[in-house]
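The values are calculated or read from the model by the stated rules, or taken from the named source; none is laboratory data. Quantities reported herein were computed from a predicted structural model and do not represent experimental measurements. Backbone-built Cβ (ideal geometry, glycine too); neighbour counts: all protein chains shown.
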Amino acid sequence: MRIRSTWEGENWTGKFADEGEEWDDYKYLKDKLEYQFKQDGDFWMCWPDFTTNFNRVYLCKIFPSTWS
């Protein structure tokens, strides 16, 4: 799951965290996702960790200004 944190300074430290060792084992996945490690609030989390840490999901679709 790709997740964007809304809390400044809060970073995921589990599997597939930025600079996590799992990325070394799945380099092809990092390349395919075009994922870059930066402190931008985006991170990836495997499904079992997601379901353990979250019990609700809120989605927001941001439409382009040209949409009508």
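If you go through the range 46-68 one residue at a time, how many are closer than 13 Å to Arg2 by Cα and modelled with pLDDT under 90?
Counting residues in the range 46-68 that are closer than 13 Å to Arg2 by Cα and modelled with pLDDT under 90 gives 2.
So Phe16 ticks every box in (1) surrounded by fewer than 13 Cβ atoms within 10 Å (Cβ to Cβ); (2) assigned to a loop (DSSP other than H, G, I, E, B) but one. Which box is left unticked?
(1)
Right, Phe63: on the phi > 0 side of the Ramachandran plot and either without any contact (Cβ under 8 Å) to a residue 40 or more places away in the chain or among the small types (Gly, Ala, Ser) (or both) or not?
Considered against the rule, which asks whether it is on the phi > 0 side of the Ramachandran plot and either without any contact (Cβ under 8 Å) to a residue 40 or more places away in the chain or among the small types (Gly, Ala, Ser) (or both), Phe63 comes out as no.
Can you find even one residue in the range 38-53 that is in a loop (DSSP other than H, G, I, E, B), free of Cβ contacts under 8 Å to residues at least 60 places away in the same chain and over 14 Å from the mean Cα position of the chain (by Cα)? Don't jump to the end; show me each part of the working.
Initially, the range 38-53 is screened for residues in a loop (DSSP other than H, G, I, E, B), giving 38-41, 45-46.
Okay, now just the ones that are also free of Cβ contacts under 8 Å to residues at least 60 places away in the same chain, so 38-41, 45-46.
Among the residues that remain, those that are also over 14 Å from the mean Cα position of the chain (by Cα) are: none.
Scanning the range 38-53 turns up no residue that is in a loop (DSSP other than H, G, I, E, B), free of Cβ contacts under 8 Å to residues at least 60 places away in the same chain and over 14 Å from the mean Cα position of the chain (by Cα).
For Trp23, are the conditions met, namely being surrounded by 10 or more Cβ atoms within 10 Å (Cβ to Cβ), at negative phi and not in a loop (DSSP other than H, G, I, E, B)? I'd like the intermediate steps shown before the answer.
Details: surrounded by 10 or more Cβ atoms within 10 Å (Cβ to Cβ): yes; at negative phi: yes; not in a loop (DSSP other than H, G, I, E, B): yes.
So Trp23 passes the test.
Mind checking which pairs have a first residue in the range 1-25 that is more than 13 Å from Phe37 (Cα to Cα) and among the polar types (S, T, N, Q) and a second that is outside any loop (DSSP other than H, G, I, E, B) and modelled with pLDDT under 85, Cβ under 9 Å, 6 or more apart or different chains?
Matching pairs, first to second residue: Ser5/Asp42.
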